[in-house]
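Q: Mind looking over this structure? Questions follow.
The values are calculated or read from the model by the stated rules, or taken from the named source; none is laboratory data. Only a predicted model underlies this, so the values are computations on that prediction, with no experimental measurement involved. Please note: Cβ atoms are built from the backbone with ideal geometry, for glycine as well, and neighbour counts cover all protein chains shown.
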Amino acid sequence: MNVAASNIANVNTTGPLPASGGSGTSDGAATSNIGPTFPAAYVPLRVDQASQSSGSTPGGTIATVSAVSPSYTAQFDPSAPYANQDGLVAAPNVDLANEFVQLATAKYSFIANAKVIQAYSETEKSLLDITT
């Protein structure tokens, strides 16, 4: 849920295109194309879930967070101070529809897990009522 919320909140956080700085391997020598240094565009993240069926405790999933590749798309914004000579900036590669699906999936997964815990609690309570 945190990853999707962060991606949605930063969908408009653009920055200079990485290739717009020339070779990119200079020691910070004076360049004539941008002047001040601007922060890079937001790098969106994604969550991958894998089954944890191996090992001594079968069942469940494990979630790993990784960067989206490619992390940016070129977007036309000539008014940005860090736009290249063609007026392009790096915009985060965020699919808003997918992010909202991820939020809905997380919500309903939480509800389902809460129902499982509730059912276990009720079953345990009725089991204890039978034995006493």
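Q: Just to be sure I understand, how many residues within the stretch 1-32 are modelled with pLDDT of 90 or more, in a helix (DSSP H, G or I) and of a type in the set (A, V, I, L, M)?
A: Matching residues across the stretch 1-32 total 5.
Q: Here's another thing I want to ask about it. Of these, ILE117, ILE62, which one is more than 27 Å from THR14 (Cβ to Cβ), at pLDDT 90 or above and aliphatic (A, V, I, L, M)?
A: Values: ILE62 fails: at pLDDT 90 or above.
Result of the check over ILE117, ILE62: ILE117.
Q: Go through the stretch 1-16 and count every residue that is among the hydroxyl-bearing types (Ser, Thr, Tyr) and surrounded by fewer than 17 Cβ atoms within 10 Å (Cβ to Cβ).
A: Taking the stretch 1-16 as the starting set, the residues that turn out to be among the hydroxyl-bearing types (Ser, Thr, Tyr) are 6, 13-14.
Pick out the ones that are also surrounded by fewer than 17 Cβ atoms within 10 Å (Cβ to Cβ) and you get 6, 13.
Adding up the residues that qualify gives 2.
Q: Taking the condition hydrophobic (A, V, I, L, M, F, W, C) and either under 24 Å from the mean Cα position of the chain (by Cα) or exposed (fewer than 10 other Cβ atoms within 10 Å of the Cβ) (or both), does ALA83 pass?
A: Numbers: hydrophobic (A, V, I, L, M, F, W, C): yes; either under 24 Å from the mean Cα position of the chain (by Cα) or exposed (fewer than 10 other Cβ atoms within 10 Å of the Cβ) (or both): no.
Here the answer is no, as ALA83 does not meet what is asked.
Q: Here's a follow-up. In the stretch 56-94, what residues are among the β-branched types (Val, Ile, Thr), in a strand (DSSP E or B) and without any contact (Cβ under 8 Å) to a residue 40 or more places away in the chain? Break it down stepwise before answering.
A: Just the residues of the stretch 56-94 that are among the β-branched types (Val, Ile, Thr), to begin with: 57, 61-62, 64-65, 68, 73, 89, 94.
In the following step, the residues that additionally are in a strand (DSSP E or B) were identified as 61-62, 64-65, 73, 89.
Once the filter is applied, which keeps residues that are among the β-branched types (Val, Ile, Thr), in a strand (DSSP E or B) and without any contact (Cβ under 8 Å) to a residue 40 or more places away in the chain, the stretch 56-94 yields THR61, ILE62, THR64, THR73.
Q: Being modelled with pLDDT under 90 and outside any strand (DSSP E or B) is the filter; apply it to the stretch 42-53 and report the residue that is surrounded by the most Cβ atoms within 10 Å (Cβ to Cβ).
A: GLN52
Q: Under 7 Å by Cβ, and 6 or more places apart or on different chains, what pairs join a residue from the stretch 95-120 that is surrounded by 12 or more Cβ atoms within 10 Å (Cβ to Cβ) with one that is not in a helix (DSSP H, G or I)?
A: So the pair list comes out as LEU103/MET1; ALA106/MET1.
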